[in-house]
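K.L.:
Before anything else, here's the structure in question.
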Amino acid sequence: MKSIEKKQAPMWFTILGIIALAWNFLGVGAYLIHVYMTDEMISELPQAQIDIIYNTPVWVNGAFALAVWCGLLGSICMLFKKKISVYLFQISFAGIFIQNIHSFFMIDAVGVFGLVQGLIMPSIVMFFGVVLILINSTAKSLIGLDNPLLTTINYSYTSSEISNTFTGPYLETMGVISEALPMNTICKFFFGK
């Protein structure tokens, strides 16, 4: 017999998911602007910023891409209440951290970009990355993060229920399948319960 027990996600979780999505869209926008800057756009910048743009290692740009795209995917998964959002936000934070190692220790970001763009904004980005990881890690246990409907499905069929539903060769096939793949194993795989 199949029984469904519904749990509602708190409204704050959905609101934070929408805020996270908007925040990460801003990050994707900043990344796309950075990547697709034309030579004319670059030539309008101060010489110190031009030097940094042309001398930025590939791994820094890769970390930037990883941070924003995993952050965006993590936000989408957060809205659908998928626990993979935790791992995506962790990867995103790793990208943020690697990028900031370059900004804080390998170049003079504060001297070139100023206090706000060189120190305060990267710190806010790191803080927001940590908050998203903590919220989604906590949500895994509090609200059953992973199922878009936040439902717990209990599949427990008695043999009489199965035999009343299926007859003949189909029942024999179902018996073989259920011995090889018990329903609780399948449910754990798909629903994480």
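K.L.:
For segment 1-126, rounded, prolate or oblate, judged on the Cα gyration tensor with a ≥ b ≥ c (square roots of eigenvalues), a/c < 1.5 rounded, else prolate if a/b > b/c?
P.N.:
Details: a/c = 2.72, a/b = 2.63, b/c = 1.03.
Here segment 1-126 falls in the prolate category.
K.L.:
Restricting attention to segment 12-106, which chymotrypsin sites (Phe, Trp or Tyr not before Pro) occupy a DSSP loop and are surrounded by at most 12 other Cβ atoms within 10 Å?
P.N.:
Filter output for segment 12-106: Y36.
K.L.:
Another one. So what's the gap between the Cα centers of segment 107-138 and segment 64-82, to the nearest angstrom?
P.N.:
Taking the Cα centre of segment 64-82 as reference, the centre of segment 107-138 is 17 Å away.
The numbers here are math on the coordinates, done by the rules we state, and not lab data. The structure presented is a predicted model; accordingly, all values stated were derived computationally and were not measured. Cβ atoms come from the backbone with ideal geometry, glycine included; neighbour counts cover every protein chain shown.
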